[in-house]
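What follows is calculated from the coordinates using simple rules that are stated; it is not laboratory data. Quantities reported herein were computed from a predicted structural model and do not represent experimental measurements. Here the Cβ positions follow ideal geometry from the backbone for every residue, glycine too, while neighbour counts run over all protein chains shown.
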Amino acid sequence: ATAIHRADYQAPSWWIDTVDLTFDLDPAKTRVLNKMRVRRNPDVAAQPLRLDGDELNLARVLVNGAGTSFKMDGDQLVLENLPEGGEPVELEIFTTCAPIKNTKLMGLYVSEDTFFTQCEAEGFRRITYFLDRPDVMAMYTVTLRASKAQYPVLLSNGNLVESGELEDGRHFARWVDPHKKPSYLFALVAGKLVAREQQIRSRAGNEHLLQVFVRPGDLEKTEHAMHSLMHAIAWDEARFGLSLDLDRFMIVATSDFNMGAMENKGLNIFNTKYVLASQATATDVDYANIESVVGHEYFHNWTGNRVTCRDWFQLSLKEGLTVFRDQEFSMDMAGTPSARAVKRIDDVRVLRTVQFPEDAGPMAHPVRPDSYIEINNFYTVTIYEKGAEVVRMQHNLVGREGFARGMKLYFERHDGQAVTCDDFSQAIADANPGSPLAGNLQQFRRWYSQAGTPHLKAAGQYDADARTYTLTLTQSCAPTAGQSEKLPFVIPVQMGLLTAGGREIALQLEGEDAGQAAHSRMLVVTEPEQRFVFTNVPEAPVPSLLRAFSAPVVLEHDFSDADLLTLLANDTDPFNQWEASQRLGLRIALNALNSAAASADTSSTEGQFGTDLLPPAFVQAMRSVLGDDRLDPAFKDLVLTLPSESYIAEQLAEVDPQRVHAVREAMQLQLASALQPEWEAAWEAHRDTGAYQPDHVSAGRRALAGRALSMLCLNAARTGDTVWPGKAYQRCKDAGNMTDRMAALAALIHSASPLAEQALKRFHSMFQHDALVLDKWFALQGGACDRGGNVLPAVKALMKHPDFQLKNPNRARSLIFSYCSNPGAFHRADAAGYVFWSDRVIEIDGFNPQVAARLARVLDRWKKLAEPYRTAAREAIARVAAKPDLSNDVREVVTRALA
Ligand code: B3K
Ligand code: ZN
């Protein structure tokens, strides 16, 4: 396997204008007839036509109806003697493939007796020979033929133009997609499916048919997905003026899927996890995820499908932008400022706990990478979530209206084209001359080309005589592989200043009129170091910096505890209120880890941190938040959530995962016991949310009630109380919805209650026929709090459970991935967790490299581990790397990890 470089991009030497595909669907041997009209690209030097293929059986090739000579070069089919001259050439290629044997779930495969396809990024070449690259866009006609009894529903992209009976109980359907598209957006589905249907009329006055296809028993679980789709369509029209460009828009759910969902033109294919929901089986988080993923795939119809990527290095062009759009959609749907802030906090938490580590680890890469070995390894949080932050900064630099103008220009210029990230930022800037984006565009683009998370250091100085406050902002970015020197970024810093009493100060920069002073404004940092002098500042202020997380950086400032308490209690920016609580919590954890470092007895971590880690002021602040009736329960829940173990670990030069786990547990336990009466009150006030509705307010109430119950059970485990575990057990039995039931079950498991086992048994027997709920059941056990090393043996036993199937990606993720991302249970001094990990990576790689490569990334940050973990982790990675026949996917991940 060799690396592919962005700098080597060349336009295709051939175009494919039309494709006419005929499938005779059969699980063991599907026959594919591919008729293409191809022509030379007059803009590049003449070259043979090289078509991509992968695991295909080639039967016949015809050129303009006659046999031809061809050769194979590795997996490529090479046609050297095609007619010269400008005339289009008719190619006919006949191949077969074996969908039932396709365990990689890329290309055409079978799941529960139904055919599905997954083509992004390079799966189409597993269906037929093709120029399988996103800048080759063609018009598709697709004919599907199959047994009518076994495959009554036959779907592909676009419009159904013809269907009917064939001999021998077979039937056919012909679909024509009215839009040209790259091959990665091709899809077909065939099987026994039923659909929820909805006719809608768009703002523009057009009629559309929306369909959500599922297996027959699942129809009643599709209402939320359909509503989410209708909301997404209306939102894109209202916010960006983008309408649905198809008569029919279909979503199909499958339980065997490598990722979340796929935006195939007019025929989105979804993991059942992001379609099916009922109050009995799905949690509030599931409901929110469905809304966001349905939105995301729908929004791709414009950002990705109408305008697509020139090459896979530009992946964030569609993914970063579409994540930004789905984030904004969820925020607009949530409504209130507090609900918006809660969504923003959730998104930033993912960014900081998953993307920041990626950006500092062996897989660090720019939002627009320069090279890759296996493109599937680059569907990362950097491309998606950091990419969305880079779009968000552009939005912030030109404003909401300016961004909508930029989007309009982007589509005016590029509709129907395959373009680059530079084309996007150019359109946003050109639509906003005079904006700080337009003024700094070349420099801004470093966000696309430089990897790593910038650090922004803030230092403030107050001059009481001059009544000025000087804020000095200094930026830096650590080297990443292949990029030793980083040039300064353009960093938008939304900020305000508060008095010690928490009042907002009018912001007047030196040289500005007092009249225009606002309470919140954006500073644009472009230099390595920049000073901002504020005048008429009445007292030494507390700075509120990077409001709403206006840039994806690490902000360093030596806030005093008093500053943070002021921000937590008074900041008008809810994000920074929450951020203050996290800084306080983080500080406590880091102090405990550092001060105990010298005296640490590493053989036993239990109880090593005592019961008084949290200073009274912190406990009191948490008490005030919990008891404040004016605050949104969802927001309270986030403030009361301590920084995660992985976030704490990221701040340390050397990580002992067991000590990090122990310190956080100790903090958690103290929070549980010190606030016992407040947790009881919170439980009583929020436990009953009436008839189930998945809206923001009721979901927030359930989240807070669930946290309260968990804290009460935790404290009960300490005191020996049996009342709260009893209540949790009762709740597991009679909860009216899955959110409450899961929260109660998790409370029993995390507090290691003796009732947990019985509750798990009951839960299993209640839901043994629901695959998505069984996934939760496995995940809870893989993610359980470790007591004396008990989780790993339990996980190994669960792998033998009749309901466990390693080949199903959802099930593998639910047990194996949950365990391997459960730090307290996974990082064992005896290395058994790592050995288990290496066995599973190798085992899964044997049939599904993409899923295996995801699992392989769990140990990315091994170099930060303290001994004995570090050596053991390296040995486990080396053990995987020593396997000679690894997939490119896993090979690339472990090679980078060991480099
Ligand atoms: N575009 C797909 C992801 C495809 C992943 C291929 N390995 C889903 C999405 O981002 O919407
Ligand atoms: Zn996407």
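Would you mind calculating the relative contact order of the chain from Cα pairs under 8 angstrom and at least 6 residues apart, reporting the percent as a whole number?
Across the chain, relative contact order equals 8 percent.
Which number comes out as Rg/Rh for the range 308-449 once both Rg and the Kirkwood Rh are worked out on C-alpha atoms?
Across the range 308-449, the Cα-based Rg/Rh ratio is 0.97.
Can you tell me the Rg and Dmax of the range 4-192, counting just the alpha carbons, in angstroms?
Answer for the range 4-192, Rg first and Dmax second: 16.5, 54 Å.
With viscosity set to 1.567 mPa s at 4 °C, what whole-number translational diffusion coefficient in µm²/s follows for the chain from Stokes-Einstein and a Kirkwood radius over Cα pairs?
Once the numbers are plugged in, D ends up at 44 µm²/s.
Averaged over all directions, how much area does the convex hull of the C-alpha atoms of the range 72-169 cover when projected, in nm²?
9.0 nm²
Rounded, prolate or oblate: which one fits the range 417-510, using the alpha carbon gyration tensor with axes a ≥ b ≥ c (rounded when a/c is under 1.5, else prolate when a/b beats b/c, else oblate)?
oblate
What's the angle, to the nearest 10 degrees (0 to 90), between helix 315-334's Cα axis and the longest principal axis of the chain?
60 degrees
Dividing the alpha-carbon Rg of the range 118-202 by 2.2 N^0.38 Å yields what?
1.22
Of 273/807; 408/486; 35/180; 148/273, which sit over 21 Å apart, Cα to Cα? Can you show the working numbers first?
Numbers: 273/807 16 Å; 408/486 33 Å; 35/180 16 Å; 148/273 28 Å.
Violating the 21 Å limit, Cα to Cα: 408/486; 148/273.
Which whole-Hz ³J(HN,Hα) couplings does the range 662-669 yield from phi under the Karplus relation 6.51 cos²θ - 1.76 cosθ + 1.60, θ = phi - 60°, glycine and proline marked x?
5, 5, 5, 4, 5, 5, 4, 5
List the residues, sorted by chain then number, that are 5 or more residues from residue 865 or on another chain and whose placed amide H is less than 5 Å from its amide H.
When sequence neighbours closer than 5 places are left aside, the close amide H contacts are 655.
Order by neighbour count: 513, 247, fewest other Cβ atoms within 10 Å first, most last.
Ascending number of Cβ neighbours within 10 Å: 513, 247.
Helix 223-240 sits at what angle to the longest principal axis of the chain, using alpha carbons and giving 0 to 90 degrees rounded to 10?
90 degrees
Residue by residue, what Karplus-based ³J(HN,Hα) values in Hz, rounded to whole numbers, does the range 684-698 have, using 6.51, -1.76 and 1.60 with θ = phi - 60° and x for Gly and Pro?
4, 6, 10, 5, 10, 10, x, 4, 5, 9, x, 6, 4, 5, 5
Distance between Cα centroids, the range 682-738 to the range 748-825: provide it in whole Å.
Going from one Cα centre to the other spans 21 Å.
Skipping prolines and chain starts, which residues have an amide H placed within reach, meaning under 5 Å, of the one on residue 307, given they are 5 or more residues away or on another chain?
416
Calculated FRET efficiency, residue 459 and residue 863, Cβ-Cβ r, R0 25 Å, to nearest 0.05?
0.20
Along each of the three principal axes of the Cα atoms of the range 311-380, give the extent in whole Å, ordering the values from largest to smallest.
Taking the Cα atoms of the range 311-380, the three principal extents are 44, 25, 15 Å.
Roughly what angle does helix 616-627 make with the longest principal axis of the chain, taking Cα atoms, 0 to 90 degrees, to the nearest 10?
60 degrees
Would you mind checking which residues have amide H under 5 Å from residue 370's amide H? H placed 1.01 Å from N; only 5 or more apart, or other chain.
So residue 370 has HN proximity to no qualifying residue.
Run the paramagnetic zone check for residue 113: 7 angstrom along Cα to Cβ, then residues of the range 170-201 with backbone nitrogen under 17 Å.
The answer is 170-171, 190-195.
In which sequence would 713, 119, 820 go, from the one with the fewest C-beta neighbours within 10 Å to the one with the most?
Values: 713 28, 119 25, 820 22.
Ordered by Cβ neighbours within 10 Å, fewest first: 820, 119, 713.
From Cα pairs below 8 angstrom and at least 6 apart in sequence, can you work out the relative contact order of the range 308-449, rounded to a whole percent?
Dividing the mean separation by the residue count of the range 308-449 yields 32 percent.
Using θ = phi - 60° and the Karplus curve 6.51 cos²θ - 1.76 cosθ + 1.60, what whole-Hz ³J(HN,Hα) does each residue of the range 241-247 get, with Gly and Pro shown as x?
x, 9, 9, 5, 9, 10, 6
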